[in-house]
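The values are calculated or read from the model by the stated rules, or taken from the named source; none is laboratory data. Because the structure is predicted, anything quoted here is derived from the model rather than measured. For neighbour counting, all protein chains shown are included, and Cβ atoms are generated from backbone atoms with ideal geometry for every residue, glycine included.
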Amino acid sequence: MSHEHKQEHHEHKKETHGKEKHEPVKPDEKEKESSLEVTLSRGEYEKLQSQLQDLEGLKEKFLRAAADFDNAKKRLVRERDEYVKFAQENLIRNLLPVLDNFERALAHASEEKDPQHKGFIAGINMVQKQLAELLKGQGLVRLETLGKIFDPHVHEAVAYHEEKGAADEILTEIEPGFTLHGKLLRAAKVRIRVNPASEKPLAQTAQEEKQEEIT
């Protein structure tokens, strides 16, 4: 290739390169769309504002309805649990005398000396324990009494014994008391100590107040 041809080729390449370098780049279509400005009339703008407010109102109503529904669901679950807990309350209350009779029978049987009756007594004892465990599984709990201080909310004083010592201390349990799922089912009937040197016992005060309420 001659020197002139080389020079022309070099200048042509240089010229082409320069044109490519300075050629404007077309903007991306998405950028064009995002840069577009939309002109609205005043009426159209106010209409959109009104629709936006309506949507906000609907959103608030939906959130309130969802909260009300959640609260109602929780209340129904709580009421169902309460119903299940206390649905058998009357049945269990009616079974308490059966427990009492078992306990009295076993207390009397402990004095029995005849070895022929031991098997029969052991059977009664087993049935009594099974019944007590069954009711315990349903939420029945026996109140503690002996050595405790009289509590008018769960105890009923039916006898008093005057002697020195802690006033209102329970000395004897005459009839056991029970709670069902923490609720008092039957108050325990007890005999308590009355200290001559102390003021009027709490049990007597409670009994008097109870009588006043009745009358």
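For the structure I just gave you, tell me whether residue 122 is hydrophobic (A, V, I, L, M, F, W, C), surrounded by 10 or more Cβ atoms within 10 Å (Cβ to Cβ), modelled with pLDDT under 90 and closer than 29 Å to residue 195 by Cβ. Don't jump to the end; show me each part of the working.
Values: hydrophobic (A, V, I, L, M, F, W, C): yes; surrounded by 10 or more Cβ atoms within 10 Å (Cβ to Cβ): yes; modelled with pLDDT under 90: yes; closer than 29 Å to residue 195 by Cβ: no.
So residue 122 fails the test.
Spot the failing condition for residue 164; the list is (1) surrounded by 13 or more Cβ atoms within 10 Å (Cβ to Cβ); (2) touching a Pro at 6+ places or on another chain (Cβ under 9 Å), and only one is missed.
The failed condition is (1).
List the strands (runs of 3 or more DSSP E) inside region 91-184, counting only whole elements, that have at least 1 residues being touching a residue at least 60 places away in the same chain (Cβ under 8 Å) and over 25 Å from residue 81 (Cβ atoms).
On the way: elements: 140-142, 155-162, 170-175, 178-180.
Here the list reads 170-175.
Which condition number does residue 124 fail, the rest of (1) within 26 Å of residue 89 (Cβ to Cβ); (2) touching a helix residue (DSSP H, G or I) at 6+ places or on another chain (Cβ under 7 Å); (3) among the β-branched types (Val, Ile, Thr) being met?
Every listed condition holds for residue 124 apart from (1).
Residue 76 - would you say it is closer than 23 Å to residue 174 by Cα, assigned to a helix (DSSP H, G or I) and at pLDDT 90 or above? Explain how you work it out, then say what you get.
On the way: closer than 23 Å to residue 174 by Cα: no; assigned to a helix (DSSP H, G or I): yes; at pLDDT 90 or above: yes.
So residue 76 does not fit the description; no.
Among what's in region 86-119 and is basic (Lys, Arg) and either over 24 Å from residue 178 (Cα atoms) or assigned by TED's automatic domain parsing to the domain that holds residue 186 (or both), pick the residue that is surrounded by the most Cβ atoms within 10 Å (Cβ to Cβ).
So the residue we want is 118.
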